[in-house]
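Single-structure report; data block below.
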2 protein chains.
Amino acid sequence: MTAPLAGYTILDLTHVLAGPYCTMTFADLGAEVIKVEQPGLGDDTRAFPPFKDGKSAYFATINHGKKSIALDLKDADDRVIFERLVARADVLVENYRPGVMERLGYGWEALHAAYPRLVYGAVSGFGHTGPDAKRPAYDMVVQARGGVMSITGEAGRDPVRVGASIGDIVAGMFLAQGILAALLDRDRLGKGRKVDVAMLDSQLALLEHAVAITSVSGQPPAPSGARHPSITPFETFHASDGLFVIAAGNDRLFEKLCIALSLPLSDDPRFATNPARCENARLLKRLIEAVTLGDTRAHWIAKLTAAGIPTGPIQNVAEVLKDPQIKARNMVVDVLDKNGRAAYFAAGNPIKMTDNPDPPTRAPAPDLDANRGEILRWLDEG
Amino acid sequence: MTAPLAGYTILDLTHVLAGPYCTMTFADLGAEVIKVEQPGLGDDTRAFPPFKDGKSAYFATINHGKKSIALDLKDADDRVIFERLVARADVLVENYRPGVMERLGYGWEALHAAYPRLVYGAVSGFGHTGPDAKRPAYDMVVQARGGVMSITGEAGRDPVRVGASIGDIVAGMFLAQGILAALLDRDRLGKGRKVDVAMLDSQLALLEHAVAITSVSGQPPAPSGARHPSITPFETFHASDGLFVIAAGNDRLFEKLCIALSLPLSDDPRFATNPARCENARLLKRLIEAVTLGDTRAHWIAKLTAAGIPTGPIQNVAEVLKDPQIKARNMVVDVLDKNGRAAYFAAGNPIKMTDNPDPPTRAPAPDLDANRGEILRWLDEG
């Protein structure tokens, strides 16, 4: 059993979320990830709550299995070490503001000239080109400017943020994909590439349906609360003890749903087709809830599942972490502390792959500069 | 200039969104993508609104640049063609319910025995293992069950769906990453792998901060509307003409914000640190809005941007598509019709890469079976 990225070395100059998320996925696929951190404080998220035993759980759950060396890239001795690392690495990843690496003498052009096989991955708020390239951004700024907030929330109320940091994470995922594509090509042809991913661009890339609607109608879609904007029924419904989801995405599923709920609606012209159901969505919701309010969520989820209708609970994060399917997929892993004890849990690797080790634990996130000696020895042996 | 995936052939048996999104990103990186569709109707989304000139804009914006051949995988003659295609392909991607490919005789084990170099990528609602493997799922079901809905929306109100279909798209992105990692390894060692991505797993993988909080406190986080749950100020604010975003993610940025707004708060113990600001978030919001209500969004965004503070508008999708930074990054592309005229627009490729062509147009999405003759000739030449 060998991980697919075994033997690849990632030099990781990133901090906070988008970049570290990208390199975490590389570690889960078997790459060696060496975090190069600023002496003193290191990655900002080492100071982010929540803490356990004085250490940031936030940092631990995104940086497990990486190594750390603290280098001052303005210091002559540290620059020598850094350049030896670059010479040995397959990939350099950074998420500084555009221009920072150039000022250090380590911009893409300089590195590419000196290390032509190196793949250079950068993630930033707005990308390395365009009028706003040098502006700072955080997740919330690109969620707002990139359009996803405008379609998330209840109609007639203020837009809301997506609870997960998709502004960062999705950009980190596109960066990971671009780097792997560049490595495939580098391994064949010997020449590295620069990959430049913007958080703002990545938000637009998520809006497929909303872009198609705007393209055809000229009208941007509004938020639609807990329902899909153009499929009905595809939303939350009240049972006697709370909300659950029914997603009957086509006529066949709607017919099955009517049978399961003993509602004679599938031949009714007001509900016979998806366009008609969208037109009469509020009435349909009331007719369905007149039935579903009569029993519990668990009852309806079991009954509809048996009938082959996509349905499910709305789970909070504690419930998700105990979900039997999530457990069976090894999607909750224990992050160990230095004594080998489980200290935190974290999301597992969603990329399940034959012959890739998928252990139920993860090595600890490194203390700042924890692997300096080991890394220097590795350089000397190289 | 050569695209990084030039020369790779992807056999694409997917339909609707998660799978087609994955293979769209491969096409944008230069792979040849051959859609194998069911005769008669083809990909379900060919019938999805909105339409233009009788064609689905939804289908067009996700399947541009692919080729199409219609094959009945239960028909003996079509199976011969299909197997010749598999023999020539680098990757097969499918998003059927687990078990469907096995019943056709084309499950991973059978294909791996016959075509050991083939990489096999599958995306499904719950994955190919675990108690719920065979249940049907749609985006909404995994958004609900996977936890993201529980942290999206306003406190005290019902949870809402993320307006973008991240249940599908994020799974398609993890699948793309897994396939590329498997290809890297295949190119070195000659052996393909199976990649098995679940939409449910992928939702959990997005919840980094919420998982860390739950891990340490045992308490799952609640939705926090338009603000970040543990950074303040990092939310929407009212100007005289509507809402905009300020994301002052650390003390230094908060100090700059106070200067820019002429608010003497950065030494006030109620606001001097992020934990204190979180504690007094509602009061701080009122103090900031007492200033920001006095002028327009455009005024404040310009002023705060000049001061180096992350800020921005909340744009609807039509506004995003006209955003100068988005335009400068070639993030809105024209999808052509068969006559070479721009018919729709779509999101561009967010993975910007040196030497990867990034044209402002995309070839049309194929009509069903449009490339049959060309594909059969390619097989004969091979």
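The values are calculated or read from the model by the stated rules, or taken from the named source; none is laboratory data. Remember, it's a predicted structure, so these values are computed and weren't measured experimentally. Note: ideal-geometry Cβ built from the backbone for every residue, glycine included; neighbour counts use all protein chains shown.
Taking the range A:302-381 as the region of interest, the strands (runs of 3 or more DSSP E) fully inside it that hold 3 or more residues being surrounded by 18 or more Cβ atoms within 10 Å (Cβ to Cβ) and at the interface with chain B (Cβ under 7 Å from one of its Cβ atoms) are A:311-313, A:342-347. The number of residues in the range B:141-195 being farther than 17 Å from residue B:93 by Cα, among the small types (Gly, Ala, Ser) and part of a loop (DSSP other than H, G, I, E, B) comes to 9. Among the residues making up the range A:87-100, none is crowded, with 21+ Cβ neighbours inside 10 Å and assigned to a helix (DSSP H, G or I).
Being more than 7 Å from chain B (Cβ to nearest Cβ) and modelled with pLDDT under 95 is the filter here, so list the residues in the range A:140-162 that pass it.
A:155, A:156, A:157
Residues in the range B:66-93 that are among the acidic types (Asp, Glu) and either in contact with a Phe, Trp or Tyr (Cβ under 8 Å, 6 or more places away or on another chain) or not assigned by TED's automatic domain parsing to the domain that holds residue B:180 (or both): 1 in all.
Of all the criteria given as (1) in contact with a Lys or Arg (Cβ under 8 Å, 6 or more places away or on another chain); (2) touching a residue at least 60 places away in the same chain (Cβ under 8 Å), the one not satisfied by residue B:187 is (2). Checked against (1) farther than 17 Å from residue A:21 by Cβ; (2) facing another protein chain (nearest Cβ under 7 Å); (3) part of a helix (DSSP H, G or I); (4) in contact (Cβ under 8 Å) with a residue 12 or more places away in the chain, residue A:221 meets all criteria but (3). Summed over the range A:3-58, the residues that are without any contact (Cβ under 8 Å) to a residue 12 or more places away in the chain and aromatic (Phe, Trp, Tyr) give a count of 2. Take residue A:260 and decide whether it is surrounded by 15 or more Cβ atoms within 10 Å (Cβ to Cβ), more than 7 Å from every other protein chain (Cβ to nearest Cβ) and in contact with a Phe, Trp or Tyr (Cβ under 6 Å, 6 or more places away or on another chain). Spelling it out, it is not the case that residue A:260 is surrounded by 15 or more Cβ atoms within 10 Å (Cβ to Cβ), more than 7 Å from every other protein chain (Cβ to nearest Cβ) and in contact with a Phe, Trp or Tyr (Cβ under 6 Å, 6 or more places away or on another chain). Looking only at the range B:112-130, decide whether some residue is in contact (Cβ under 8 Å) with a residue 60 or more places away in the chain, assigned to a helix (DSSP H, G or I), under 20 Å from residue B:79 (Cα atoms) and in the same structural domain as residue B:72 (by TED's automatic domain parsing). Yes, the range B:112-130 contains a residue that is in contact (Cβ under 8 Å) with a residue 60 or more places away in the chain, assigned to a helix (DSSP H, G or I), under 20 Å from residue B:79 (Cα atoms) and in the same structural domain as residue B:72 (by TED's automatic domain parsing). Yes or no: the range A:118-138 includes at least one residue that is at pLDDT below 95 and among the aliphatic types (A, V, I, L, M). For the range A:118-138, residues at pLDDT below 95 and among the aliphatic types (A, V, I, L, M): present.
Is it the case, given these coordinates, that residue B:342 is within 17 Å of residue A:212 (Cβ to Cβ) and modelled with pLDDT of 95 or more? If you could, list the steps in order and put the result at the bottom.
On the way: within 17 Å of residue A:212 (Cβ to Cβ): yes; modelled with pLDDT of 95 or more: no.
So residue B:342 fails the test.
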